[in-house]
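Undergrad: Have a look at this one.
The values are calculated or read from the model by the stated rules, or taken from the named source; none is laboratory data. Treat the numbers as computed from the prediction; the structure is a model and nothing was measured. Here the Cβ positions follow ideal geometry from the backbone for every residue, glycine too, while neighbour counts run over all protein chains shown. Quick note on the areas: whole protein, heavy atoms, side chains included, nothing else; ligands and nucleic acids left out. Shrake-Rupley method; radii C 1.70, N 1.55, O 1.52, S 1.80 Å.
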Amino acid sequence: MSPSAATAIARQRDEWIAAVNARHLERYAAVFAEDGVWIPPGQPAVRGRAAFREWVRPFFERYAYDFSIAEAVVRVAGEWAVERGTFSSTLTEGTGRPVTHGGAYVLLWRRDADGQWRIDRYADVTDRIGRG
């Protein structure tokens, strides 16, 4: 992977994490490709940035997040990159008990016409769920 691609993708991943933890819907949506596809476990695929924004909105309105990614490995091929890693998240609703979940994910990054790397496809397998 070229250093410039590695740096740019790492920056976008950091922006993704920061946007989720800040519950900043527009920043989060900006990391997602306009025509991207998000494949949540056990749910229909979410197609396009506008649909993704509306799918995420109720989660951001309901929960505070502590989201992190570990073991991210990226392979770049031209304008595309494949990333796999693990994630963990703690979601806290109001004064309720936190819910934790985590697992493995795979995503495709695509360098858009504006030079930004964006999430084009995303899927994960949640294999850890718990209540605090």
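Undergrad: With all protein chains present and a 1.4 Å probe, how do Leu25, Leu108 order by accessible area, largest first?
TA: Result, largest first: Leu108, Leu25.
Undergrad: Also, quick follow-up: Amide H neighbours of Trp109 under 5 Å, counting only residues 5+ apart in sequence or on other chains, H built in-plane at 1.01 Å?
TA: Ala81, Val82, Glu83, Asp120
Undergrad: Which of the following values of semi-axes √(5λ) of the Cα gyration tensor in Å was calculated from the structure shown: (1) 23, 16, 14; (2) 25, 16, 14; (3) 29, 15, 11?
TA: Of the listed options (1) 23, 16, 14; (2) 25, 16, 14; (3) 29, 15, 11, (2) comes from this structure.
Undergrad: Also: Rounded to the nearest 500, what is the 222 nm mean residue ellipticity of the chain from helices alone, with -39500 (n - 2.57) per DSSP H run of 4+ residues and division by all residues?
TA: Computed ellipticity for the chain at 222 nm equals -10000 deg cm²/dmol.
Undergrad: Right, here's the next one. To the nearest 0.05, what FRET efficiency results for Asp112 and Arg84 with a Förster distance of 25 Å applied to their C-beta separation?
TA: 0.70
Undergrad: Given the options Ala5, Pro98, Pro40, identify the residue whose Cα lies farthest towards the positive end of the charge dipole of the chain (+1 on Cβ of Lys, Arg; -1 on Cβ of Asp, Glu).
TA: Farthest along the dipole direction, towards plus: Pro98.
Undergrad: For Glu93 and Trp55, what is the calculated FRET efficiency with R₀ set at 22 Å and r taken between the beta-carbons, to the nearest 0.05?
TA: The computed FRET efficiency comes out at 0.80.
Undergrad: Sorted by accessible area with a 1.4 angstrom probe, largest first, how do Trp80, Trp38 fall?
TA: Trp80, Trp38
Undergrad: Which value, in debye to the nearest 20, describes the size of the charge dipole of the chain about its Cα centre when Lys and Arg Cβ atoms bear +1, Asp and Glu Cβ atoms bear -1, and nothing else is charged?
TA: Roughly 200 debye for the chain.
Undergrad: Between helix 3-22 and the chain, what is the angle of the helix's C-alpha long axis to the longest principal axis, kept within 0 to 90° and rounded to the nearest 10?
TA: On a 0 to 90 degree scale, this one is about 20.
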